[in-house]
Structures are given as structure tokens and as C-alpha cells.
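Input: a single structure, listed below in C-alpha cells.
The values are calculated or read from the model by the stated rules, or taken from the named source; none is laboratory data. Being a predicted model, the structure only gives us computed values, none of them experimental. Virtual Cβ from ideal backbone geometry, glycine too; neighbours counted across all protein chains shown. Keep in mind that these areas ignore ligands, DNA and RNA; they rest on the heavy atoms of the full protein, side chains included. Shrake-Rupley method; radii C 1.70, N 1.55, O 1.52, S 1.80 Å.
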Amino acid sequence: MNLNHVIPSRQFLGLLLLGISFFLTGCGEKEKSQNDMAVGNWTQMRNRAYILLITNPKGEWDSSVRIADATSKIVASKGSAKGNWYIEKNQMIFTVTASDIETIWQKNSTTFFDIVELTETVLQLKDEEGRLSVWKQTSSQQAAASEEAAEQFIPMGPVVVNLNKNRSSDKDRYL
């Protein structure tokens, strides 16, 4: 038996197994980056005002403020703003290009927020003065899922109901 042919085939087999293990570990689910998780529709409630924030993957954002009445029904719009956003070194930076809600988004300003928590459903930001703001993600996918759940029917057999029996002496009537 020639040992010169055995050693290279063992090396080849080892390299092949090593390559397969790298391939299999690389095929796992990719973890979402902060930029990916920050994209979406976010809402925050302050008193009776809903502040909506929509961030898109191009780095643009839109915001609007809606006023609700005592029943939480939206009754008025207070204004809107838009601009650009990006994330750098665990900070979310907003640049305002247009705004008619100066109390929240000052036109031609840049605001830095420290990211306290960022998940697919919650965005917690701390502003430069240390105030914490919590945003909850709203999604048309979640709304569509709840509508789909409401549209589901449960098959049932026949149901018998006793109608109009106000007193024990009344005759039974069934439907």
C-alpha cells in the first residue's frame, strides 16, 4: 500500500468537511440590523395626541400629530414633518427638512437620540436632555392578520334556542 495517496485523500476529506460546516453555519437566519428594525410605522401617545412616525429603508421619515377625543377617536390633525434619518454608533439621528409642528420637530434641525431599546415592536429613544420616549410599532401586516382572524368562521352543528319564555308557565317555543 502506498501511503503517499492516503494522506492527500485524508486532507481532501478534512477540507471538504470543513467547507461543509462553514456552509451550514452560514445558512442560518440572518440577524436583523438596527437599521432594518427601525424601519416601519411607529406611534407614541402624549396626553390625547398621537404622534405617528414612519421611517423607510431609504433613510427618509414622515411624522404627523393627530388629536383624539375622550373616546380615543381621531378628530383633528395638528401638523406634519419630514426629513432624513440614520443610525450611527447606537444613536438614531433625525434631520428635519420640513415641519409645521415646531414644538416636536424644529425645521432645519438635527436631533440625536440614544437608542435605549430597539426591537421589532418597541423603539425607546433618549433625547439629548435625558427624556425617554417610547414608540410602539404599528403595522398593516398586524392589522391584516387581525382582520383575517375576525373573518374566520367556526363550523357548528344545529343549535336549538328556546324563544320568548318570560314566565315559567309560558309554552316552550324552539327555533
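Key figures for this structure:
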quantity	calculated
Test: residue in region 146-165 that is at pLDDT below 70 and within 25 Å of ASN47 (Cβ to Cβ)	no
Pairs where the first residue, in region 160-175, is open to solvent by 90 Å² or more (accessible area, probe 1.4 Å) and the second is β-branched (Val, Ile, Thr) and in a loop (DSSP other than H, G, I, E, B), C-beta under 8 Å, 6+ apart	TYR174/VAL160; TYR174/VAL161; LEU175/VAL160; LEU175/VAL161
Qualifying residue in region 113-134 (condition: assigned to a loop (DSSP other than H, G, I, E, B), touching a residue at least 40 places away in the same chain (Cβ under 8 Å) and surrounded by fewer than 13 Cβ atoms within 10 Å (Cβ to Cβ))	yes
Among (1) open to solvent by less than 70 Å² (accessible area, probe 1.4 Å); (2) assigned to a strand (DSSP E or B) - the single one ASP62 does not satisfy	(1)
Residue count, region 75-112 (criterion: assigned to a strand (DSSP E or B) and either among the small types (Gly, Ala, Ser) or open to solvent by less than 40 Å² (accessible area, probe 1.4 Å) (or both))	15
